[in-house]
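Structure record follows, encoded as structure tokens.
The values are calculated or read from the model by the stated rules, or taken from the named source; none is laboratory data. Everything numeric in this text was worked out from a predicted model, so none of it was measured. Cβ placement follows ideal geometry from the backbone for every residue including glycine, while neighbour counts extend to all protein chains displayed. All accessible areas refer to the heavy atoms of the entire protein, side chains included, with ligands and DNA or RNA removed. Shrake-Rupley method; radii C 1.70, N 1.55, O 1.52, S 1.80 Å.
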Amino acid sequence: MKRSEKMIVTFSGVVALCFGMTQNVYAMHIMEGYLPLGFCVAWGALCIPFVVAGVIAIRKIVEQHRKTLLLLAMVGAYAFVLSALKIPSVTGSSSHPTGTGLGAILFGPTPMAVVGMIVLLFQAILLAHGGLTTLGANTFSMAIAGPFVSFGVYKLCRKLGANKLVGVFLAAALGDLFTYCVTSVQLGLAHPSATGGVGASIAAFMGVFAVTQIPLAIIEGLFTIVVLMGLETYAKPELLELGYLKEVSAV
């Protein structure tokens, strides 16, 4: 069995284990029914242009970089596995790595809107992790806001001449943290404090998330470095096709 084939089998096995794990219904992204209907519709509508752009980007990948499709699938599996490893946090939500920073670095942020939405949909249906009515809100925070920050931070670090691994770490970690900043805003807008209003509610949610999410963001940043180092060894043709290795070798 080739090394690339072993990687595929390993990812498949981990995903299968995640499907078989017992899930507690209180440990979710933003859980089913926790956002008012109007907020669910609004966040869902806000995701539409990003998802459309993601579909167009993935079509270009299929047409122009077909050999990278397996890598795109592995990026989706990576996001599925990491975001399924959750720690109950704020009532109605949870803390966990997002796994979307890796895909944003390799493919850009727009394909991750589609990949992340599919990941969240499968988790909501099969793992009771998240919800169908809150799919739009969860997609915006984890599959849109986070990847755009990861992509921007990584590109900025490359322009500034920062070490490649430092750029990867900061991109993955800050993308993870920004996801939970957006989640805090979503929860704060939907459930304002009786005394301090929306601002106080957002600050309270961020304060609770910070306890668990900052260490998780650091772990995700380090783990993303390890995964990319492995891909540079076992998926070099695909990374060359994407221009990732060409880009980093120029520094």
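Among the candidates 232, 241, which residue alone is on the phi < 0 side of the Ramachandran plot and touching a His at 6+ places or on another chain (Cβ under 6 Å)?
From the options 232, 241, the qualifying one is 241.
Residues that are under 23 Å from residue 65 (Cβ atoms), at least 1 per element: which helices (runs of 4 or more DSSP H) completely within the stretch 111-191 meet that?
146-159, 164-190
Report yes if some residue within the stretch 244-251 is without any contact (Cβ under 8 Å) to a residue 12 or more places away in the chain and either within 26 Å of residue 141 (Cβ to Cβ) or part of a loop (DSSP other than H, G, I, E, B) (or both); otherwise report no.
yes
Yes or no: residue 106 over 14 Å from the mean Cα position of the chain (by Cα), of a type in the set (A, V, I, L, M, F, W, C) and outside any loop (DSSP other than H, G, I, E, B)?
no
Looking only at residues in the stretch 62-89 that are closer than 23 Å to residue 126 by Cβ and outside any helix (DSSP H, G or I), which one is modelled with the highest pLDDT?
In this case the residue turns out to be 85.
Let me confirm something: among 184, 249, which residue is at pLDDT below 85 and polar (S, T, N, Q)?
One residue alone meets the criteria, 249.
Being more than 17 Å from residue 108 (Cα to Cα), surrounded by fewer than 20 Cβ atoms within 10 Å (Cβ to Cβ) and of a type in the set (S, T, N, Q) is the requirement here; does residue 212 meet it?
Answer is yes for this residue.
When the residues of the stretch 129-153 are narrowed to those that are within 14 Å of residue 31 (Cβ to Cβ), of a type in the set (A, V, I, L, M) and open to solvent by 10 Å² or more (accessible area, probe 1.4 Å), which ends up modelled with the lowest pLDDT?
132
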